[in-house]
Amino acid sequence: MGRWKGTGGYQITVRPEGPPIERDTTQCVHCMGHWAVEPGSGRTRGWCPRCGGPHCGAPACWTCVPFMKQIAQQEARARLGESLGLAR
Ligand SMILES: [Zn+2]
Ligand SMILES: [Zn+2]
């Protein structure tokens, strides 16, 4: 297994009763969550061609909404609410 290219890191879990477990970690391009890559874990992860990176496979992350865009949308919504006098 090669290293997963991209927004990855590297994680080593040291166990008192055995050799350390070395795992690659990578980051979801949509929710910024980290996970350790576990070959054969059975977890479905996805890849976003628009962001050019892996996503964590959570239901919300199958839709391409980059993290920065989510923040921008929330801010825009808040500003709209204020301008309409809805924000209390
Ligand atoms: Zn995610
Ligand atoms: Zn995306």
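FYI, it's all coordinate maths here, none of it is from the lab. Predicted model, so just to flag it, every value in this text is computed and none were measured. Cβ atoms come from the backbone with ideal geometry, glycine included; neighbour counts cover every protein chain shown.
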Please compute, over every Cα-Cα pair in the chain, the percentage with a separation greater than 21 angstrom. 47
Summed residue charge, Cβ within 12 Å of His30's Cβ, Lys/Arg positive, Asp/Glu negative: +3
Simple spin-label estimate for Leu84 and Glu17 in nanometres, 7 Å along Cα-Cβ: 5.8
